[in-house]
Every structure is written in C-alpha cells, then in structure tokens.
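The block underneath contains the structure these notes are about, expressed in structure tokens.
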Amino acid sequence: MNVQIFGIKKCFDTKKAERYFKERNIKFQFIDLKEKAISKGELTNIKNAIGLEELINKKSKDYSKLNLDKIRSADMREEILLKNPSLYVTPIVRNGKKATVGYKPEIWQTWE
C-alpha cells in the first residue's frame, strides 16, 4: 500500500485518519495542505476517483467569499481549488488510483 494523507494538522478528522493507519502499522505520507498544495496531476487522479464536488468544502468561509456557489465551469472550479487549499474537505486519503475524502475507515479496510 502506498497511502498519502492530504490534510491540515489542526483538522480533527485528519488526526483520526493518521491514527487509523498508525494503529495498523501502515506506512503513510502526510502532506500538510497549508505548506504544500496538491499538484494538478494529483488533483486529477483524486477527482477521477471521487469527483470534484466531493472535494469542495461548501461550509468553508472561502467558498462563498470566492463565489464558488455561482461558478458552474468545472475547469474554473478546479483552478480555484488548486489555489485555495482551505476549500478542500479533509482528510483526502489516497492509495494509488483509489481515494476518499473525510474519515472513511470502512473503505480503508478494503484497501488492506
């Protein structure tokens, strides 16, 4: 397994995801979205696995501030997402071509 966890250190669900993999002795790479953004290629892979709309945190302050609720173009939404990591629902957990958003241990179990 080649697990990557994209998240924010202060996010409660991100901490729970890290704990889940540590408890099972599964190595993972943690990427703090406040320090390093998701690349366009990584976003494409994640988007293909779960869909763009699942990645966007509609409760985020920046969601309405950036008028994302009014933008219909998927390409434009993706560009805004790449530049504003605060818009992601976290954690984003990736294992190769598979990915999840949020705390989803029931799905991660199937990866083992």
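Any read-out appearing in this document is the output of simple, stated calculations on the displayed coordinates, not a laboratory observation. In this text the structure is predicted, and so the values were computed from the model without any measurement. Neighbour counts run over all protein chains shown; Cβ positions are idealised from the backbone, glycine included.
Starting from 0 in steps of 10 Å, tell me what percent of the Cα-Cα pairs of region 1-43 lands in each bin.
27, 54, 18, 0
So what's the convex hull volume per residue for the Cα atoms of the chain, in Å³?
96
Run lengths n ≥ 4 of DSSP H only: what is the helix-derived mean residue ellipticity at 222 nm for the chain, with -39500 (n - 2.57) per run over all residues, to the nearest 500? Display every interim value, and only then the final one.
Numbers: 6 runs with 49 residues, N = 112.
Using -39500 (n - 2.57) per qualifying helix, the result is -12000 deg cm²/dmol.
Restricting the count to DSSP beta bridges whose residues both fall in region 3-109, what percent are antiparallel, rounded to a multiple of 5?
65
With +1 assigned to the C-beta of every Lys and Arg and -1 to the C-beta of every Asp and Glu, and no other charges, what is the dipole magnitude of the chain about the Cα centre in debye, to the nearest 20? Walk me through the numbers on the way to the answer.
Details: 24 positive and 15 negative charges, 52 e Å.
So the dipole magnitude of the chain works out to roughly 260 debye.
Can you tell which of Asn95, Phe28, Ile50 lies farthest toward the positive end of the dipole of the chain, using +1 and -1 charges on the Cβ of basic and acidic side chains (Lys, Arg; Asp, Glu)?
Phe28
Go through Thr14, Gly41, Trp111 and say which Cα lies farthest out towards the positive end of the charge dipole of the chain; charges sit on Cβ, +1 for Lys and Arg, -1 for Asp and Glu.
Thr14
Below 8 Å between Cα atoms, with a sequence gap of 6+, how large is the relative contact order for the chain in percent?
Numbers: 147 pairs, mean separation 43.9, N = 112.
In percent, rounded to a whole number, it is 39.
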